[in-house]
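Chemist: Structure incoming, see below.
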Amino acid sequence: MDHSRAPVLDALAAHGGNSDLTFTPPGHKQGRGADPRVVEVLGRDVFASDVLIMNGLDDRRMTGGVLEQAQELMADAVDAEHAFFSTCGSSLSVKSAMLAVAGPHEKLLVSRNAHKSVVAGLVISGIEPVWVHPRWDAEHHIAHPPGPQEVAEAFERAPDAKGMLLITPTAYGTTADVGAVARVCHDHGRPLIVDEAWGAHYPFHPDLPTWAMDAGADLCVTSVHKMGAGLEQGSVYHVRGDRVHLDALRMRADLLDTTSPSTLVYAGLDGWRRQMVEHGRELLGDALALVRRVREEIAGMKGLHPLGEEFVDAALAHAYDPLMVVVDVSGLGTSGYAVADLLREEHRVDVGLADHRRIVVQFTHADDADTAEGLLDALRAVADRGGELPPPAGIALPGPAGLELESVMLPRDAFFGPAEHVPVENAVGRIAAETASPYPPGVPVLAPGERISKEAAEYLRTGVEAGMYVPDSADSTLRTLRVVAE
């Protein structure tokens, strides 16, 4: 296929020069009606490109095939058979993927390291999750994706499960053995869905972890806005084989998708695909070389330790993405929360994730020597203040048993049923009626329908006191929890 083409961008360029009078949304009419103060900040080109696909870039019957051609090019670029663009982020795409495989009261194997969007999908759909617990890294106190052994054991518990939803990579960049998990699923005649939100770049360089489609996944969701060059909310789901029925996928997605998709987001996806096909290997190769140097520099700073290879073990992660630089800051006698706040407040450096002992620094092909040096300068300054930084607050870190909660109700029933708020100390033993997800990464400690353990409750309470952000619980202070009424 001709990957020098970008159908959405080409149609936008053609539309920009036409003299059509538009009597359709959006109401700003290519910016003519926008407040000049808004245009001053956003730029007129944003509004000029904010046009409809139907009755805009294409006609009312979409006979120009603008979107269809762009999706076909995307599928070809990543060795999938089909690709579908989404302008509502992978939070929506993964819900569509789940619904394409299972329905109300049917079982689905789900990695317990799932993002809160997956739990929301369970609540909406009425699917019964069969939790597949991740691999616990006791030394670093984080979870890695489950492996084939954990998936096989889950199928023994639930042989009637309709398939598996595997979340890989994690927000720490660690990955599952997707090929081995796919073989387990296929041996049971079931499809494997992979939520690979952080791995959209994997198809374009051999030194990155294996791309889910190449490893045998049937349906894969990616967030191009995370590690690619798409706009926020730009997501794609890809399909290979016949274990996931395309008609079902389209119908389920239509239940959730917006009827007013953003052409700007489509254009970002279209242009990124072309960039990666033409230059991805070179661009990502440069980024990988840059990160190797950054890791070496950080390793030489007192109190800081970049992690990666330590995660890879037969009993832990299968691989890791070197572009996700996990930095252990505990040697400075402080927490990742404090370091993240200091980097932002004093050095104008933002990091995506912080926890009780780490920060995670995300590199992409957009980074260069200047951005790397800016980060390194800021980290050097932080390291030089090692003795002055606030000590980490005491967090009651649970072990794996404290996080492997018992599921006793369907998430939907617990979420929508009668509920009450109780003090967190009184919530132990009660059934959660809400999701409580430290963010980022947004992996729930509590999901609706799970019995709350003492370890989980204490972890949330002390974590919030230490600087953890839990945006989805009804009481953001975590002094109370929403539980199923007795």
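Chemist: Amide H of ALA419 versus every other amide H placed in the peptide plane: which residues, excluding those fewer than 5 positions away on the same chain, fall under 5 Å?
Modeler: For ALA419, whose amide H was placed from the backbone, the distant partners under 5 Å are ALA485.
Chemist: Okay, moving on. Apply the Karplus parameterisation 6.51 cos²θ - 1.76 cosθ + 1.60, with θ equal to phi minus 60°, to every residue of the stretch 356-370 and state each ³J(HN,Hα) to the nearest whole Hz, in sequence, with x for glycine and proline.
Modeler: With coefficients 6.51, -1.76 and 1.60, one gets 5, 9, 9, 10, 10, 10, 9, 9, 9, 5, 7, 7, 8, 4, 5 Hz.
Chemist: Let me ask something else about it. Going by a ≥ b ≥ c, the root eigenvalues of the Cα gyration tensor, does the stretch 22-124 fall in the rounded group (a/c under 1.5), the prolate group (a/b larger than b/c) or the oblate group?
Modeler: prolate
Chemist: If you don't mind, there's one more thing I want to ask. Which cross-chain or sequence-distant (5 or more) residues have an amide H under 5 Å from the amide H of LEU231, H modelled 1.01 Å from N in plane?
Modeler: GLY268, LEU269
Chemist: Work out from phi, with θ = phi - 60° and the Karplus expression 6.51 cos²θ - 1.76 cosθ + 1.60, the ³J(HN,Hα) of each residue of the stretch 77-82, listed in order in whole Hz, and give x for Gly and Pro.
Modeler: Ordered by residue, 3J(HN,Hα) equals 5, 10, 6, 9, 8, 9 Hz.
Chemist: Roll a 1.4 angstrom probe over the protein heavy atoms and tell me the percent of accessible area of the stretch 388-486 that is carbon or sulfur.
Modeler: Roughly 53 percent, rounded to a whole number.
Chemist: Using the heavy atoms of the protein chains and a 1.4 angstrom probe, tell me the accessible area per residue for the stretch 139-281 in square angstrom.
Modeler: 37 Å²
Chemist: Also: Tell me which residues come under 5 Å, amide H to amide H, from VAL361 once H is placed; ignore anything under 5 positions away on its chain.
Modeler: VAL325, VAL326, VAL327
Chemist: Counting only protein heavy atoms, what percent of the accessible surface of the stretch 32-168 is carbon or sulfur at a 1.4 Å probe?
Modeler: So the carbon and sulfur contribution to the accessible surface is 51 percent.
Chemist: Okay, moving on. Could you work out the local net charge near GLY399, counting Lys and Arg as +1, Asp and Glu as -1, over the other residues with Cβ closer than 15 Å to its Cβ?
Modeler: That sum, taken over residues with Cβ under 15 Å, equals -2.
Chemist: Also, I was wondering about something else. So what are the ³J(HN,Hα) numbers for the stretch 289-304, from phi and the Karplus equation (6.51, -1.76, 1.60; θ = phi - 60°), rounded to whole Hz, Gly and Pro as x?
Modeler: After applying 6.51 cos²θ - 1.76 cosθ + 1.60, I find 5, 4, 5, 4, 5, 4, 4, 4, 5, 5, 4, x, 8, 5, x, 10 Hz.
Chemist: Roughly speaking, what is the centre-to-centre gap between the stretch 133-147 and the stretch 209-280 when only Cα atoms are used, to the nearest Å?
Modeler: For the stretch 133-147 versus the stretch 209-280, the Cα centre distance is 28 Å.
Chemist: Less than 22 Å apart at the alpha-carbon level, and either on another chain or at least 8 residues along: which lysines does that give for LYS226?
Modeler: Leaving aside lysines fewer than 8 places away in the same chain, those within reach of LYS226 are LYS95, LYS116.
Chemist: Roughly how many nanometres apart are two label points built 7 Å out from the Cα toward the Cβ at VAL408 and ASP187?
Modeler: 3.5 nm
The values are calculated or read from the model by the stated rules, or taken from the named source; none is laboratory data. Bear in mind that the values here come from a model prediction, so they are computed numbers and not experimental data. Virtual Cβ from ideal backbone geometry, glycine too; neighbours counted across all protein chains shown. Just so you know, the surface numbers come from the protein's heavy atoms only, side chains and all, with ligands and any DNA or RNA stripped out. Shrake-Rupley method; radii C 1.70, N 1.55, O 1.52, S 1.80 Å.
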